[in-house]
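Engineer: There's a structure below that I have some questions on.
The values are calculated or read from the model by the stated rules, or taken from the named source; none is laboratory data. On a predicted model such as this, the values are computed, not experimentally measured, just so you know. Note: ideal-geometry Cβ built from the backbone for every residue, glycine included; neighbour counts use all protein chains shown. Ligands, DNA and RNA are stripped out before the accessible areas are found, and what is left, the full protein with its side chains, is counted by its heavy atoms. Shrake-Rupley method; radii C 1.70, N 1.55, O 1.52, S 1.80 Å.
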Amino acid sequence: NNNKAKCIDKAIKANIPFKILNDKDFPSRDLFEEQIIKTLTENNIELIILAGWMKIISENFVNKFKNKIINIHPSLLPSFKGRNAIADALANGVFFTGCSVHFVETKVDSGKIIIQGVLPINPYEDKENLLAKVNLLEHKILPYGVSEAGYLIRNSFKDKSNNNSGLH
């Protein structure tokens, strides 16, 4: 939904198709999500990656793509869920923070954790500096999270096809 997202430049350079759907172009959240669902379904998308997505997706959306949506979150889940994770870590005086890639469930930041990256918090750390460090760590672990999620999803396809063929 952000035509200035850095991933668009990467998609163009790698000749990867993309589509921008801006929520402001739709009269309601439901219609916006319906269009996203339609677009993803028409293109047989196997994995949805929420990176920088700052909207809570509906239960309908999550259930439509159950176990096919992952998110990267700037905390060591289950600690510090929600949009203020960095500030919450600093306010609570924890010694370590990091980021988590997890499967998306209907409850915010609650799905099965795929991978986490950890870093220490300097006692005099400010929010902007810590956010920059966490963002660098997110860029390192997200590819591993995508790979592991893809592996799990592909194996679930394989398991289903084996069960349908009478092999057990």
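Engineer: ³J(HN,Hα) across the range 99-111 via Karplus (A = 6.51, B = -1.76, C = 1.60, θ = phi - 60°), whole Hz, x for Gly/Pro?
Structural biologist: For the range 99-111, the Karplus-derived couplings read 8, 9, 9, 9, 6, 8, 10, 5, 8, 4, 6, 10, x Hz, x marking Gly and Pro.
Engineer: At 18 Å minimum axial length over the Cα atoms and a Kyte-Doolittle cut of -1.0, report the qualifying DSSP H helices in the chain, or say none. Mind showing how you got there, number by number?
Structural biologist: Working: long enough: 29-42 (20 Å, -0.56); 127-164 (52 Å, -0.61).
Those that pass (Cα extent of 18 Å or more, hydropathy at least -1.0) are 29-42, 127-164.
Engineer: If you count only protein heavy atoms with a 1.4 Å probe, what accessible area per residue comes out for the range 60-108, rounded to a whole Å²? Show your work: numbers first, answer last.
Structural biologist: On the way: 2370 Å² over 49 residues.
Per-residue value: 48 Å².
Engineer: Which percent of the accessible area of the range 25-143 is formed by carbon and sulfur heavy atoms (probe 1.4 angstrom)? Intermediate values should be presented prior to the final figure.
Structural biologist: On the way: 3840 of 7020 Å².
Taking all protein chains in place, the range 25-143 shows 55 percent carbon and sulfur surface.
Engineer: Report, to two decimal places, the Cα Rg of the chain normalised by 2.2 N^0.38 Å (N = number of residues). Mind dumping the intermediate values first?
Structural biologist: Numbers: Rg = 17.7 Å, N = 168, 2.2 N^0.38 = 15.4 Å.
Ratio of Rg to 2.2 N^0.38 Å for the chain: 1.15.
Engineer: Additional query: Please state the relative contact order of the chain as a whole percent: Cα pairs under 8 Å, 6+ residues apart?
Structural biologist: Numbers: 190 pairs, mean separation 28.2, N = 168.
It rounds to 17 percent for the chain.
Engineer: Give the peptides 20-28, 73-81, 85-93 in descending order of average Cβ contacts within 10 Å, highest first. Display every interim value, and only then the final one.
Structural biologist: On the way: 20-28: 10.8, 73-81: 19.4, 85-93: 15.9.
Going from most to least packed, we get 73-81, 85-93, 20-28.
Engineer: Additional query: With a probe of 1.4 Å, find how much accessible area the range 110-149 has per residue, and write the answer as a whole number in Å².
Structural biologist: Working: 2610 Å² over 40 residues.
Result: 65 Å² of accessible area for each residue.
Engineer: Between rounded, prolate and oblate, where does the range 1-49 land on the alpha carbon gyration tensor, with a ≥ b ≥ c its root eigenvalues, rounded for a/c under 1.5, else prolate if a/b exceeds b/c? Kindly include the intermediate steps, with their values, before the conclusion.
Structural biologist: Numbers: a/c = 2.80, a/b = 1.39, b/c = 2.01.
It comes out oblate by the Cα gyration axes.
Engineer: Next question. Provide the gained length on full extension for the span Ser156 to Lys64, in nm with one decimal, where the gain is 0.36 nm per separating residue minus the Cα-Cα distance. Don't skip to the answer; put the middle values down first.
Structural biologist: Values: separation 92, 0.36 × 92 = 33.12 nm, distance 1.61 nm.
Using 0.36 nm per residue and subtracting the Cα-Cα distance, I get 31.5 nm.
Engineer: From the P(r) of the range 39-131, can you give the percent of Cα pairs sitting at distances over 16 Å? Intermediate values should be presented prior to the final figure.
Structural biologist: Details: 2371 of 4278 pairs.
Tail fraction, whole percent: 55.
Engineer: Extending each Cα 7 Å along its Cβ direction at Phe18 and Leu31, get the distance between those two points in nm, one decimal.
Structural biologist: Distance between label points: 2.6 nm.
Engineer: Quick one: length gained pulling Lys140 to Ala91 fully straight, 0.36 nm per residue minus the C-alpha distance? Write down the numbers at each step before the final one.
Structural biologist: On the way: separation 49, 0.36 × 49 = 17.64 nm, distance 2.55 nm.
Gain on extension, Lys140 to Ala91, equals 15.1 nm.
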